[in-house]
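Read the structure below first, then the notes.
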Amino acid sequence: MANETFQYTSKIDEALKKYNLDVDDAQVKAAVMKIIAEKVPQNDTLDIKKFLFGSIELTTLKTTDSDESVMAFTERVNQFDAEYPDLPHVATICVYPCFAKIVSETLEVDGVEVACVSGSFPSSQALIEVKVAETALAVRDGATEIDIVMPVGKFLAGDFESVCDDINELKQVCGEDVAMKVILETGDLRNGSDIKKASILSMYAGADYIKTSTGKEKISATPEAAYVMCQAIKEYYDETGIQIGFKPAGGINTVTDALTYYTIVKEVLGDKWLTNKWFRMGTSRLANLLLSEIVGEEVKFF
């Protein structure tokens, strides 16, 4: 069990003391504005757009999803690989756990991961036994990556032990072979200090990636939240030597949005993170927009 392997209060306090959690939101906003103004234009290139396409987690999380629609969704990824052999395929197909088996059985493209949102997505409001069962079943049915939501209510109440307990226990279900992303739901956090603290706690508790948002709240990914999260990843890497991935998701609607997140990762974390393993984007809208810019005409493939 998690509480046998994770020494809570003292370890949490000890971990948090190693990091600067006093984030100045005005300074973050100014730094992000500077990056956007000075650095984003130079990354507006064909090669970077191809890279970004290969970092997409092609996502369908609709109430109306069905076995048939998810199978067709997956078949489009198969067809893309045949029709655009010179372009990178998407990094991941992301679905609800009940569709893991369909995706894993339908998917024919090597290197595309099967991700499932789990742990009572998007609210994370369920008993841990339910979260564990859902995650275990997703992995059994072929999920190679799991996205969970940090229990935001517990975090805001200051119950960091329970936050870490949830994350650590679900990581144990995933094991070493299944990467786990922890969604911070940054739009529900109060400020940059909260985002920094949530990032550090999630990484110490077992996250392989930290992710901005579910896309189900009023405020999704923002460049400012991404900047703070990338700073946390860098400091954690410098402290522990452990590389953690980053995934902005929710509200990434334009190519400029994608270029902005790419540039923040490049400026804060550096080239080591600019692979489709360590940098992902969760989106359902962006694939066609990027593809259209890459091929030079409007394309509605996905």
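The values are calculated or read from the model by the stated rules, or taken from the named source; none is laboratory data. None of the values given here were measured: they were computed from a predicted structure. A quick note on method: Cβ atoms are made from the backbone with ideal geometry, for glycine too, and the neighbour counts reach across all protein chains shown. In case anyone asks, the SASA skips ligands and DNA or RNA and just uses the protein heavy atoms, side chains included. Shrake-Rupley method; radii C 1.70, N 1.55, O 1.52, S 1.80 Å.
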Exercise for review: Restrict the check to the stretch 133-145 and report whether at least one residue is open to solvent by less than 30 Å² (accessible area, probe 1.4 Å), at negative phi, outside any helix (DSSP H, G or I) and modelled with pLDDT of 95 or more.
Suggested key: yes
Check your understanding: Quick one: Thr45 ticks every box in (1) within 28 Å of Lys216 (Cα to Cα); (2) hydroxyl-bearing (Ser, Thr, Tyr); (3) open to solvent by less than 80 Å² (accessible area, probe 1.4 Å) bar one, so which box is it?
Key -> (1)
Point to revise | Among residues of the stretch 7-29, those that are closer than 20 Å to Glu239 by Cβ and open to solvent by 80 Å² or more (accessible area, probe 1.4 Å), counted | key: 8
Practice item. For the stretch 173-193, indicate whether the set of residues that are assigned to a strand (DSSP E or B), over 22 Å from Tyr236 (Cα atoms), open to solvent by 40 Å² or more (accessible area, probe 1.4 Å) and of a type outside the set (A, V, I, L, M) is non-empty. Key: no
Study note, to complete from the structure: Of the residues in the stretch 242-268, those that are open to solvent by 30 Å² or more (accessible area, probe 1.4 Å), of a type outside the set (D, E, K, R) and not in a loop (DSSP other than H, G, I, E, B) come to Thr256
Revision key, fill the gap. A careful count of residues in the stretch 30-59 that are among the hydroxyl-bearing types (Ser, Thr, Tyr) and either more than 17 Å from the chain's Cα centre (by Cα) or modelled with pLDDT under 95 (or both) gives 1
**Study point:** Pick from the stretch 216-241, criterion small (Gly, Ala, Ser) and surrounded by 21 or more Cβ atoms within 10 Å (Cβ to Cβ), ranking: farthest from the chain's Cα centre (by Cα)
**Key:** Ala232
Exercise for review: Please indicate, with yes or no, whether at least one residue in the stretch 73-80 is closer than 23 Å to Ser292 by Cα, out of contact with any helix residue (DSSP H, G or I) (no Cβ under 6 Å at 6 or more places or on another chain) and β-branched (Val, Ile, Thr).
Suggested key: yes
Practice item. Kindly provide the set of residues from the stretch 122-132 that are closer than 20 Å to Gly250 by Cβ and either open to solvent by less than 30 Å² (accessible area, probe 1.4 Å) or without any contact (Cβ under 8 Å) to a residue 60 or more places away in the chain (or both), ordered by number. Key: Ser123, Ser124, Gln125
Study note, to complete from the structure: Apart from one, (1) among the hydrophobic types (A, V, I, L, M, F, W, C); (2) open to solvent by 40 Å² or more (accessible area, probe 1.4 Å); (3) in a strand (DSSP E or B) all hold for Ala115; the odd one out is (2)
Revision key, fill the gap. Sole miss for Glu293 among (1) open to solvent by 60 Å² or more (accessible area, probe 1.4 Å); (2) under 15 Å from the mean Cα position of the chain (by Cα); (3) at pLDDT 95 or above is condition (2)
Check your understanding: Do we find that Val70 is aliphatic (A, V, I, L, M) and touching a Pro at 6+ places or on another chain (Cβ under 7 Å) in this structure?
Key -> no
Point to revise | Single match in Val32, Val70, Val103, Val90 (criterion: surrounded by 20 or more Cβ atoms within 10 Å (Cβ to Cβ) and either under 27 Å from Ile200 (Cβ atoms) or free of Cβ contacts under 8 Å to residues at least 12 places away in the same chain (or both)) | key: Val32
Check your understanding: Gly206 versus (1) open to solvent by 10 Å² or more (accessible area, probe 1.4 Å); (2) within 16 Å of Ala115 (Cα to Cα); (3) touching a strand residue (DSSP E or B) at 6+ places or on another chain (Cβ under 9 Å): which is the lone unmet condition?
Key -> (2)
